Amino acid sequence: MQIVAPREIEDYVIQTAEFMSPPRWHIGHTSWFFETLLQAYQPSYKVYSEEYLFYFNSYYEGFGARIERPKRGTKSRPTVKDTVAYRKHIDEQMLGFLESVEKEGEAATILSLVRLGLEHEMQHQELLVYDIKHLLGDQYVAAIKARPAAATRVEGMAEIEGGLFWLGYDSRGSSPTVREASGGTPNSDFAFDNEKPAHQVFLQDYALDRALVSNGDFLEFIRHGGYQNFRWWFSEGWEVVNRDAWRAPLYWELQDGQWMIRDFAGLHPAESKADEPVSHVSYYEASAFAKWAGKRLPTEAEWEKAATINPQTGERQNFPWGNDAIDSAKANLFENGLWAPASVGSLPAGQNAYGCHQMIGDVWEWTTSDYVPYPGFKSEFDEYNDKWFVNQKVLRGGSYATPQSHIRSTYRNFFHAHERWMTSGFRCAKDM
């Protein structure tokens, strides 16, 4: 509600594209999620409105009929006022319900679903930021904090030894190679089912960029004809480039021969933001740049090993910097209030032992890995993650719009290869 507060009432109901959602829908949908829990576990609960069940459902076929995603912005009702009243009602019902949960025989199941609902809400907080940017851009009055200056120059690639590696999350929040759980952060006591089970994979020796690819780097790709040369692109990517007339990342604008970047703070020459990680690029664009640069994108296992293994001790850590909890000096996440990626090299406290910076926060990082279930996967909630295991790619690390308590080094985000409305960037890898 704090995120939507600066908006005018008209802003709540607009849907700017098929893949976006009106802010009103987000604040209703996250409450709808909790209402399904009340329906299932509180016998005396009465549904607030059958109409709301239809409109605020997203993709859950098991919960009945729902409005199609591209049509969420075609309805003016329920009004914003009614939606806020609905949200208040569900909050009150949930708070009352939680007071009696310890008396219920299914308390553990209920509490696990409540935690899932909170994590689900944090996902939609991030999606709200994306939708607000697409709808309003710099017309949204964000309380933007001053960006930290680059404290160090980040160059080169880290050489990382291959071998067997435990990929994924286990019940202790780390791999089976860790002797005991450490850190004690809220990030390490929860994971989505798609992060499980931890399993061994074999990696060849590889190298990974210490820095995220920057706007300045990507500007060079553009100026060297990157969007005009089919050699760098997958066939499907080249089709999208030509069909949609892509010439630069989303939110880049060409004015009088100069590339400009629009963000929450306004419109800026790309050169003035050259040191920021490039964002709003698709998997196709990321892989094209990597090929042009003589490199490739990392696999998610390569990314996770770099983000979790201390090469000096061989032990696994919760985060790239170790087991200390996240704070604003280590990672640029939503609580930092930058509303944009931080300059490369401005968060040296968050680097890993290999010298790789900003692996957590700033931009979700594309990997070349397909979004598929891990061996031994078991669904923990129908239609949440398992129905999406096809035709998507994995991204890692979180973004400046991700809440601090929501991100983990094992977190697997996923999007289609052509999508770029989310805060997505990348770093490159290569074989050794």
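Assorted remarks:
- In segment 116-139, the residues that are within 17 Å of M1 (Cβ to Cβ) form Cβ pairs under 8 Å with partners that are part of a helix (DSSP H, G or I) and of a type in the set (F, W, Y), at six or more places apart or across chains, as follows: G117/F33; G117/F34; H120/F33; E121/F33; Q125/F334; E126/F334; V129/F334.
- Filtered residue count, segment 3-28, keeping only those that are assigned to a loop (DSSP other than H, G, I, E, B), more than 18 Å from P403 (Cβ to Cβ) and touching a residue at least 12 places away in the same chain (Cβ under 8 Å): 11
- Filtering segment 59-85 to residues that are surrounded by fewer than 18 Cβ atoms within 10 Å (Cβ to Cβ) and not in a helix (DSSP H, G or I) leaves Y59, Y60, G64, A65, R66, I67, E68, K75, S76, R77, T79.
- Where a residue in segment 95-110 is part of a loop (DSSP other than H, G, I, E, B) and its partner, wherever it lies, is surrounded by 10 or more Cβ atoms within 10 Å (Cβ to Cβ), with Cβ under 9 Å and at least six apart: S100/Q42; E104/Y41; E104/I110; E106/Y41
- Condition check for Q123: surrounded by 11 or more Cβ atoms within 10 Å (Cβ to Cβ), at negative phi and in contact with a His (Cβ under 9 Å, 6 or more places away or on another chain): yes
- Given (1) in contact with a Gly (Cβ under 9 Å, 6 or more places away or on another chain); (2) modelled with pLDDT of 95 or more, number of the condition F415 does not satisfy: (1)
- Qualifying positions in segment 212-226 - of a type in the set (A, V, I, L, M), out of contact with any Asp or Glu (no Cβ under 7 Å at 6 or more places or on another chain) and under 26 Å from E302 (Cα atoms): V213
- Filter result for the condition that a residue is open to solvent by 50 Å² or more (accessible area, probe 1.4 Å) and of a type in the set (A, V, I, L, M, F, W, C), over A211, A245: A245
- V372, sole failed condition from (1) open to solvent by less than 30 Å² (accessible area, probe 1.4 Å); (2) of a type in the set (V, I, T); (3) without any contact (Cβ under 8 Å) to a residue 60 or more places away in the chain; (4) out of contact with any helix residue (DSSP H, G or I) (no Cβ under 8 Å at 6 or more places or on another chain): (1)
- Taken together, the residues in segment 257-314 that are on the phi > 0 side of the Ramachandran plot and surrounded by fewer than 17 Cβ atoms within 10 Å (Cβ to Cβ) amount to 4.
- One residue stands out among those in segment 375-405 that are closer than 19 Å to Y60 by Cβ and of a type in the set (S, T, N, Q): the one that is most open to solvent (accessible area, probe 1.4 Å), which is S379.
- Residue check for V129: crowded, with 18+ Cβ neighbours inside 10 Å and part of a loop (DSSP other than H, G, I, E, B): no
- Evaluation of S405 against (1) hydroxyl-bearing (S, T, Y); (2) in contact with a strand residue (DSSP E or B) (Cβ under 6 Å, 6 or more places away or on another chain); (3) outside any loop (DSSP other than H, G, I, E, B); (4) under 18 Å from Q125 (Cα atoms) (one fails), failing number: (2)
- Residues of segment 217-249 classified as small (G, A, S) and either assigned to a strand (DSSP E or B) or under 20 Å from W421 (Cα atoms) (or both), total: 3
- Condition check for S379: touching an Asp or Glu at 6+ places or on another chain (Cβ under 6 Å), at negative phi and of a type outside the set (D, E, K, R): yes
- Segment 305-347 - residue that is in contact with a Lys or Arg (Cβ under 8 Å, 6 or more places away or on another chain) and of a type in the set (F, W, Y) and, of those, farthest from G397 (Cα to Cα): W321
- Residue match in segment 378-391 (condition: outside any helix (DSSP H, G or I) and touching a strand residue (DSSP E or B) at 6+ places or on another chain (Cβ under 6 Å)): no
- Test: Y169 is in a helix (DSSP H, G or I), among the aromatic types (F, W, Y) and surrounded by 18 or more Cβ atoms within 10 Å (Cβ to Cβ): no
Let's see how each residue does on (1) touching a Ser or Thr at 6+ places or on another chain (Cβ under 6 Å); (2) at pLDDT below 95; (3) closer than 27 Å to H124 by Cα:
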| residue | (1), (2), (3) |
| --- | --- |
| T308 | yes, no, yes |
| P320 | no, no, yes |
| G345 | yes, no, no |
| G350 | no, no, yes |
| D362 | no, no, yes |
| P373 | no, no, yes |
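- Among (1) assigned to a loop (DSSP other than H, G, I, E, B); (2) under 16 Å from the mean Cα position of the chain (by Cα) - the single one V372 does not satisfy: (2)
- Residue that is buried (at least 17 other Cβ atoms within 10 Å of the Cβ) and in contact with a His (Cβ under 9 Å, 6 or more places away or on another chain), where the choices are G345, G361: G345
- Residue check for I14: touching a helix residue (DSSP H, G or I) at 6+ places or on another chain (Cβ under 9 Å) and open to solvent by 30 Å² or more (accessible area, probe 1.4 Å): yes
The values are calculated or read from the model by the stated rules, or taken from the named source; none is laboratory data. Keep in mind that what you see is a predicted model, and the values were worked out from it rather than measured. Every residue, glycine among them, receives a Cβ derived from its backbone with ideal geometry; neighbour counts consider all protein chains shown. These area figures cover heavy atoms from the full protein model, side chains too; ligands, DNA and RNA do not enter into them. Shrake-Rupley method; radii C 1.70, N 1.55, O 1.52, S 1.80 Å.
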